[in-house]
2 protein chains.
Amino acid sequence: MIEVPKSEMRPAPDSALSGFQRECINLFVHGAQILSIPRSIGEIYGLLYATAEPLPMEAIMERLGISKGSVSQGLRWLREVGAVRATYVKGDRRDHYEAETELRKLAGGFLREQIEPHLGNGGDYLSRLALEADRVHPAESQFAAERITKLKRWHRFTVRALPLFLRIVGRI
Amino acid sequence: MIEVPKSEMRPAPDSALSGFQRECINLFVHGAQILSIPRSIGEIYGLLYATAEPLPMEAIMERLGISKGSVSQGLRWLREVGAVRATYVKGDRRDHYEAETELRKLAGGFLREQIEPHLGNGGDYLSRLALEADRVHPAESQFAAERITKLKRWHRFTVRALPLFLRIVGRI
DNA sequence: CAGTCAGTTCAATTTGTCTTGAACATGATG
DNA sequence: CATCATGTTCAAGACAAATTGAACTGACTG
């Protein structure tokens, strides 16, 4: 069976993209990698960041050459995190999306949605650990107690540092 | 076909683990998830964190029930990041590992190895983007310029915030 | 209503990452 | 040296996450 070269399998999706947009998308795809966020989300945000008018889903699909499902899911995530907002466009019942560009809101949403819930669980793990502290072999009990104390300190620190951090980011 | 329950597929690897150790490992596996670090690395660090004596690779393998390759690679990562150090144990030519427990070193190493390099690249992406700014359609040039300015501000902020952040973490 | 349009959902597939295990160093030991 | 002990590397396989596409929901329209 003959393999079709990948580059020909989709019609060049970025034909409609300006160089500025392409580089923007690049940049945000790279950013997404750092945060372990799906590539498609980086692409979508990058495109919106680089586009002056709000775009409907369809436009995103065809300019990026990704599926409707991906765009729908990606936009949901971006909405939840507050990285994107839907704006009304008169005479068009489709939703149109534009990028939220305030670092405060971006970082804030990301931390609130992605990190805070985990930190909450972190507390649960810690308390379950603390329960074991009593059951530990006497010879090790001091060691265990120290380690637990240290963990509690870390936890308290992160929980407190988050809002502080957000305040600093807010001043940009 | 009858499915073998996953819990029986490996001989219970944690037979040699205390409750304290198990909960510690749990906690760090969870932490690893947050940072998108491989589970096995969380397990290894968790075990070392919960163990008073330095452990050789072999002990880690059998207590966690993971392969030699995984442990070797996991330890390398942890060493590079400074989360673990090899200590000499007299009369034993094997390397013995113990956990580094200072948040300053952990966070510092992680940021230095995992984040900083990315930020460096970030600068490259940004400058390539800036090049496109001139080529952009006149009608959009002001929009593009604004967005680029904003990105540069973000970038400058993160680059400067990193050492500051580390200084704060250092005081814990 | 039947028919379109906009958007969501989710099972199946694709893609990418982690883990394994066997082969390969390296170096100590008799 | 041959052998054993310790540790690394890497291709192949197992696993997990992202993406697709088709089926679906609901809402508007003539």
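Among residues of the range A:131-145 that are within 7 Å of chain B (Cβ to nearest Cβ), those with a beta-carbon under 8 Å from a residue that is open to solvent by 100 Å² or more (accessible area, probe 1.4 Å) and not acidic (Asp, Glu) at least six positions away or on a different chain give the pairs A:GLU132/B:ARG22. Which residue pairs have Cβ atoms under 7 Å apart, sit 6 or more places apart or on different chains, and have a first residue in the range B:102-128 that is more than 7 Å from chain A (Cβ to nearest Cβ) and more than 23 Å from A:GLU146 (Cα to Cα) and a second that is of a type in the set (Val, Ile, Thr) and open to solvent by 60 Å² or more (accessible area, probe 1.4 Å)? As it stands, the answer is B:LEU119/B:VAL159, since those pairs meet every condition given.
Are any of the residues in the range A:84-105 of a type in the set (A, V, I, L, M), in a helix (DSSP H, G or I) and under 26 Å from B:LEU27 (Cβ atoms)?
Taking the range A:84-105 as the starting set, the residues that turn out to be of a type in the set (A, V, I, L, M) are A:84, A:86, A:89, A:99, A:103.
Checking which are in a helix (DSSP H, G or I) leaves us with A:103.
Imposing the further condition that a residue be under 26 Å from B:LEU27 (Cβ atoms) reduces the set to none.
No, the range A:84-105 contains no residue that is of a type in the set (A, V, I, L, M), in a helix (DSSP H, G or I) and under 26 Å from B:LEU27 (Cβ atoms).
A quick yes/no check of all residues on (1) within 26 Å of B:LEU78 (Cβ to Cβ); (2) touching a Phe, Trp or Tyr at 6+ places or on another chain (Cβ under 7 Å); (3) at pLDDT below 95:
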| site | (1), (2), (3) |
| --- | --- |
| B:GLU132 | no, yes, yes |
| B:ALA145 | no, no, no |
| B:THR158 | yes, no, yes |
| B:LEU162 | yes, no, yes |
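Scanning the range A:27-75 for residues that are within 14 Å of chain B (Cβ to nearest Cβ), assigned to a helix (DSSP H, G or I) and touching a residue at least 40 places away in the same chain (Cβ under 8 Å) turns up A:TYR45, A:LEU48, A:TYR49. Scanning the range A:6-26 for residues that are in a helix (DSSP H, G or I), at pLDDT below 95 and of a type outside the set (Gly, Ala, Ser) returns A:LYS6, A:GLU8, A:MET9, A:PRO13, A:ASP14. Each residue in the range B:141-172 was checked for being open to solvent by 60 Å² or more (accessible area, probe 1.4 Å) and not β-branched (Val, Ile, Thr), and 11 pass.
Scanning the range A:146-172 for residues that are in contact (Cβ under 8 Å) with a residue 60 or more places away in the chain and either in contact with a Ser or Thr (Cβ under 9 Å, 6 or more places away or on another chain) or of a type outside the set (A, V, I, L, M) (or both) returns a single hit, A:GLY170. Summed over the range A:25-75, the residues that are among the aliphatic types (A, V, I, L, M), within 26 Å of B:LEU35 (Cα to Cα) and open to solvent by 40 Å² or more (accessible area, probe 1.4 Å) give a count of 2. The lone criterion from (1) assigned to a helix (DSSP H, G or I); (2) within 16 Å of DNA strand C (Cβ to nearest atom) left unmet by B:LEU119 is number (2).
Residues that are loosely packed, with under 15 Cβ neighbours inside 10 Å and not acidic (Asp, Glu) within the range B:76-94 comprise B:ARG76, B:ALA86, B:THR87, B:TYR88, B:VAL89, B:LYS90, B:GLY91, B:ARG93, B:ARG94, listed in sequence order.
The values are calculated or read from the model by the stated rules, or taken from the named source; none is laboratory data. For clarity, every value in this text was computed on a predicted model and none was experimentally measured. Here the Cβ is made from the backbone with ideal geometry for all residues, glycine too, and neighbour counts use every protein chain on show. Note: accessible area is taken over every heavy atom of the protein model, side chains too, but ligands, DNA and RNA are not part of it. Shrake-Rupley method; radii C 1.70, N 1.55, O 1.52, S 1.80 Å.
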